[in-house]
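The values are calculated or read from the model by the stated rules, or taken from the named source; none is laboratory data. Bear in mind that the values here come from a model prediction, so they are computed numbers and not experimental data. All Cβ positions, glycine included, derive from the backbone under ideal geometry; neighbour counts span all protein chains shown. The area values use the complete protein model at the heavy-atom level, side chains included, leaving out ligands, DNA and RNA. Shrake-Rupley method; radii C 1.70, N 1.55, O 1.52, S 1.80 Å.
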Amino acid sequence: MANEEEGLTVNNLFSEVTSALDKFKLEDDSPTDYYSPYANLEKASVLHEARCFHDPTAVRESPRKCCTVIAQLLHLTNTGQYLNSAEATEVFFGVTKLFMSDDASLRRMVYLFIKEVAETCDPDDVIIVTSSLTKDMTCDVDLYRANALRVLARIIDGAMLGAIERYVKQAVVDSSGQVSSAALVSATHLFERNAESAAIVKRWISEITEATSSPNEMVQFHAMQLLYQIKKHDRLGMQKLVTQFSQRNTLKSPLALVLLVRYTAKLLHDEVAEGRVGSTSFQNGSQFARAGYAFLEASLRHKSEMVVYEAGKAICALPNIEPQELSPAVNVMQLFLSSPKPAVRFAAIKTVSQVAVNHPRIVSKCNEDLEALIADANRSIATLAITTLLKTGSENSVDRLLKQISVFLSEIPDEYKITIVKSLQRLCFTYPSKHRVLVGFLSNFLREEGGFEFKRSIVNSIISLIKAVPETTESSLLHLCEFIEDCEFTMLSTQILHLLGELGPGTPSPARYIRFIYNRVILENSAVRAAAVAALSKFAARCPSLRTSVMTLLKRSLDDEDDETRDRASVAVSVLKGAMEEFPYVPPPQDVEPDAEPVPDEPQPGDPAAFILLQGLPMSFDRLDRSIRAYMRAPAAMESPEQLTLSTLPVVEETEPEHDEKDINEVVGDAALQAAVAGQKEEKKEVVDPAAAVYAIPELASLGRVFRSSPPTELSEEETEYVVRCIKHVMPEHIVLQFLIQNTVEDQRLTNCTVAIEGDSECFEVAGEIAAESIKYGETANAFTVINRNTDAALAPCSFECVLRFGVVQVDPKSGEDESDAYDEEYPLEELELATSDFMAKVSVPDFRKAWEEVGNANEVLEKFALQFKKQEDAVAAVIDFLGMQPCDGTGHIKPGEGGKKPHMLHLSGVFVGGRNVLARAQVAASGDAAGVLLKIAVRSDDSDVSRMVADCIR
Amino acid sequence: MSLLTHASPPLLPKVDAILVLDSDGNRLAGKYYGDFMKAASTSSSEGNNTSQQSVEQLRQSFERQLQSKISGIVAAPNAAEVVTVLGKTAVFCGGSPPGQSGSVRVVHIGPVGESELVLAHLVEGMYEALSHLMGGSTDRNMILDNLELVFLLIDEHCDGGIILETDGHKLASSVLLRDEAEASRNQQESMAGGGKGGMGGMGGFGGMGGDMTIAQALRQAREQIMSNLNQN
């Protein structure tokens, strides 16, 4: 340590060498081979050192030492040794003593330290340095002024800012760039801090504008930045500002120009969002749209790469952009793709891959450059290049591309491989005719080295391909069979065995899978053996011809050491034995009924009927799980004498479909990013049962179980005095309306709030109300209104007039104390509608076709409608909305590229109140002319009234 | 779609963190800005020990993930490399080939919507200033011996996440408390005679530039000896 302080002399040189030699002697226990003032710092000893700040002589004589101690204090946080509040305060007071010293470098460290510690100390303590700082801020040394300003900005509040406003304002236009920048950046922080400071900063607008023409580039940048923060809510002001700067061409700083490009893009987005550009191109849009686009386009020729890239990226991200407007930006990106700088290539490929989602044709001119990037040393770039190529490549380039990928793939980490597997999967959806090559390619991956996540992504891809492209079934299954021959992941083996059991028996030659499966029984661990036995018994159940041979194999598992495997085998053997005795297999006619049912894959509660087990559970595990949870949430459910069966479980609605995630995968190349997104999604999954609010109130809970709860409907405009939303909880014979009432008036407290509803309907009758007793400012409370439903009358849509009735108490906004007695008040709300769809729960069926056949056409209702929609997509969305049912088999969205050409078949399922299953098939076809869309709909259920009611939902 | 289109470039560009890491990914110096890697539960005024511990753990696990992506990659001082970590863009300069100790890495972490070119501009500026301050060598020990300069550099470079200065020479002069104008007149010359305005104690820093190369030479020599001895 001493060496560093005094500077190096020949003596020190000697001591350095000797210390090195000493180290050699002591090498057994010295891990560090040098001695730094910052190595192995102990908090306690540093704090002890820091006491020297209180010694005026030490401060005067050895400012260098003080600097080191401050740096050591700062370094403590690097090693995870944070100062607690008391320690920080003590050190802080010590540091304030250092203002006595005139040493510039020490002063600089003091500034730094105050900033660091300001967060940990009591703000009231920190305030004491204000006078020292203010003194420094007005001195004539630029470095002092700039730094003092920045420290001050951290610690002062609005009132103190007012006191020193004059100095800061002057500093904004200081001749020194450093001071001016410091003032502008500090002002930006203050502007964000609180409204009081922001109001003061706003008063400096002319100084800030003046600073934008400073010769110092950073000052221009900081001034632009702050100017935007101040004006960002003033659209016209902002447009004027942006136009001025883009035409005057005074900004020299590339960073400031980057900002200008961003502001322009933001304003252009707003123009589009507010409909001032129309459906035509930007060049024909509003005046600002034209000028804005022209500026972006001109910036593509700026000399700084940073600005060029920003403009290109901005153009690529413009909404509804025309291909010819996009083209110059893509050209620029293409040049960047071969830049020697990795950051430039990365940025360009990221942008290009985003453009490729919507405009693959424009990007396809970059294909050559993209292919060159497959060999890029930066693996993120290479991966993005491949995924982009997979989007832009034509069908006949697939084979060549695959060859390149297979070389690349062996040398990258798993997470990148997963991204590529996903793109391959999408490619196969686009070009189904390439499935043989692609599935073969994917299964080659399976044999390569790789972790669980990677293997799982391939298996999942192959499985989803089987679903989407049925022709792949046989080859894929055989590939998977080969994979489980040598698969170290139990979970994947069992998943594949299950899949084999499901699909294998349906293939033309099921016998060929038996060997693969039986090998698992011989060679694997217990979980896999059990899965293999289950799969075998499915083959036997479905294919009577195989029964005799499978029986022989199954019998060998009867003395398996694992209980589960043994149990499955013995159930299968005994069921099969019975079935074979009753219906002995007669070789030629293959139509022997597979009446017997082998073991289920999973233990089945409650229902041993064999044939149902072949079909698996009537609902997914996820749904069963949610359903049981919903059952348990209802009050007194656990004491109910009623027997719990699958059919008495409450109906749960489908949660949001997963297509969001798919979209993200499409754009994002990096798997880590996806992981981050997935993490967020998981958090969101914690759904609160909306009915909990109802169950919490005993009077309402006694009405029974809530069948379904609607999403909240707004009954008032946003930003009105009283914001009211309504959730409809449907019960078998009642509807509970939950009104969420929010009070946004600061000097009022609402009492005894109810929503009075009035409607003219035979089947609905208001039965009672529960008022929200008191709602303070900013709070939301619930009021309930109960409606009885006359179940004999046919359900007809009905709308209700709603009025919010409440008492108002004036309160003092500061103290929150009441200032007056309550007086009654009414507030009109928007109408509330009870539609048939409110009584329908969105519930999907596992196999729509089968379910459709099973319900039969006894109670079918057929209707035809002409709908006033311009686009087929809109009509499909509207039909789903009218009926309130769940789209099945992915028919809820029209596949991209197919819109308008073919009639679209929509499959819907749902459960009507009372637990009646309803299915609907709707054909939506664009009628030749522009007049609208033709809808043919068939509704089936086991009650013709229900079918009729549902069909009548179309309006 | 939702994620990336929403990740439009920030209108008030801010850096989430600036880190100086050695070749094993240890943080030699660093600063996290705003809410990045700060647990929501942290109470700032109380200085609650347990919550701060968890902030430190959060940061360390982030740095581990960062290190797993950047280890072994060497980025030239004027050609920053990019990786993405936990949904953030990380741009860095420096580094050493696997198994060797060499230059430290200067890493800037920015939001995913931030332009990689802007971040590269920042990191290249700071790296230039750093190597200038360290007398041309940016190895781990050099940095550790002169940490206070690194702290000051980060502070001159970025204020509360907002970019303050990006020019390497200007940054270095500010850290060494030299006047801007003089610095540009006299850039290569590292001898710092006076400066202006009679600021006492300036020599404390000024003298260092010349000595540093000697210190560094010594250290390298020492390391050479050590490694030779260790091999035997």
Criterion (within 14 Å of chain B (Cβ to nearest Cβ), hydroxyl-bearing (Ser, Thr, Tyr) and outside any helix (DSSP H, G or I)) met by exactly one of A:SER180, A:SER175, A:SER186: A:SER175
Residues satisfying the stated conditions in region B:66-91, i.e. part of a strand (DSSP E or B), hydroxyl-bearing (Ser, Thr, Tyr) and either surrounded by fewer than 18 Cβ atoms within 10 Å (Cβ to Cβ) or facing chain A (nearest Cβ under 7 Å) (or both): B:THR84
All positions within region A:794-852 that are closer than 30 Å to A:GLU733 by Cα and hydroxyl-bearing (Ser, Thr, Tyr): A:SER799, A:TYR827, A:THR836, A:SER837, A:SER844
Residue among A:VAL344, A:VAL355, A:VAL363 that alone is crowded, with 18+ Cβ neighbours inside 10 Å and more than 13 Å from every other protein chain (Cβ to nearest Cβ): A:VAL363
Residues (open to solvent by 10 Å² or more (accessible area, probe 1.4 Å) and within 8 Å of chain B (Cβ to nearest Cβ)) located in region A:42-71: A:PRO63, A:ARG64, A:THR68
The one condition in (1) farther than 30 Å from A:PRO342 by Cβ; (2) of a type outside the set (A, V, I, L, M); (3) touching a helix residue (DSSP H, G or I) at 6+ places or on another chain (Cβ under 6 Å) that A:GLY393 fails to fulfil: (1)
Scan of region A:90-103 for residues that are crowded, with 22+ Cβ neighbours inside 10 Å and either within 7 Å of chain B (Cβ to nearest Cβ) or among the charged types (D, E, K, R) (or both), ordered by number: A:ASP103
Sole exception among (1) touching a strand residue (DSSP E or B) at 6+ places or on another chain (Cβ under 9 Å); (2) at the interface with chain A (Cβ under 9 Å from one of its Cβ atoms) for B:GLY113, by number: (2)
Among the residues listed as B:GLY110, B:GLY135, B:GLY102, B:GLY161, the single one being surrounded by 24 or more Cβ atoms within 10 Å (Cβ to Cβ), in contact (Cβ under 8 Å) with a residue 60 or more places away in the chain and not basic (Lys, Arg): B:GLY110
Number of the exception - A:TYR309 against (1) closer than 30 Å to A:GLN244 by Cβ; (2) within 14 Å of another protein chain (Cβ to nearest Cβ); (3) out of contact with any Leu (no Cβ under 6 Å at 6 or more places or on another chain); (4) open to solvent by less than 10 Å² (accessible area, probe 1.4 Å): (3)
Yes/no for A:SER493 being of a type outside the set (A, V, I, L, M), at pLDDT 85 or above and buried (at least 21 other Cβ atoms within 10 Å of the Cβ): yes
So A:ARG955, is it modelled with pLDDT of 85 or more and either over 29 Å from the mean Cα position of the chain (by Cα) or not small (Gly, Ala, Ser) (or both): no
Single match in A:LYS391, A:LYS403 (criterion: in contact with a Ser or Thr (Cβ under 9 Å, 6 or more places away or on another chain) and open to solvent by 10 Å² or more (accessible area, probe 1.4 Å)): A:LYS391
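Condition check ((1) in a loop (DSSP other than H, G, I, E, B); (2) of a type outside the set (D, E, K, R); (3) within 25 Å of A:MET885 (Cα to Cα); (4) open to solvent by less than 10 Å² (accessible area, probe 1.4 Å)) across all residues:
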residue: A:ASN782; (1), (2), (3), (4): no, yes, no, no
residue: A:THR785; (1), (2), (3), (4): no, yes, no, yes
residue: A:ASP792; (1), (2), (3), (4): yes, no, yes, no
residue: A:GLY807; (1), (2), (3), (4): no, yes, no, yes
residue: A:ASP821; (1), (2), (3), (4): yes, no, no, no
residue: A:TYR827; (1), (2), (3), (4): no, yes, no, no
residue: A:ASP838; (1), (2), (3), (4): no, no, yes, no
Condition check for A:SER545: touching a residue at least 40 places away in the same chain (Cβ under 8 Å), over 27 Å from A:PRO432 (Cβ atoms) and open to solvent by 20 Å² or more (accessible area, probe 1.4 Å): yes
Among residues of region A:318-341, those that are open to solvent by 30 Å² or more (accessible area, probe 1.4 Å), closer than 23 Å to A:PHE295 by Cα, out of contact with any His (no Cβ under 8 Å at 6 or more places or on another chain) and within 13 Å of chain B (Cβ to nearest Cβ), counted: 1
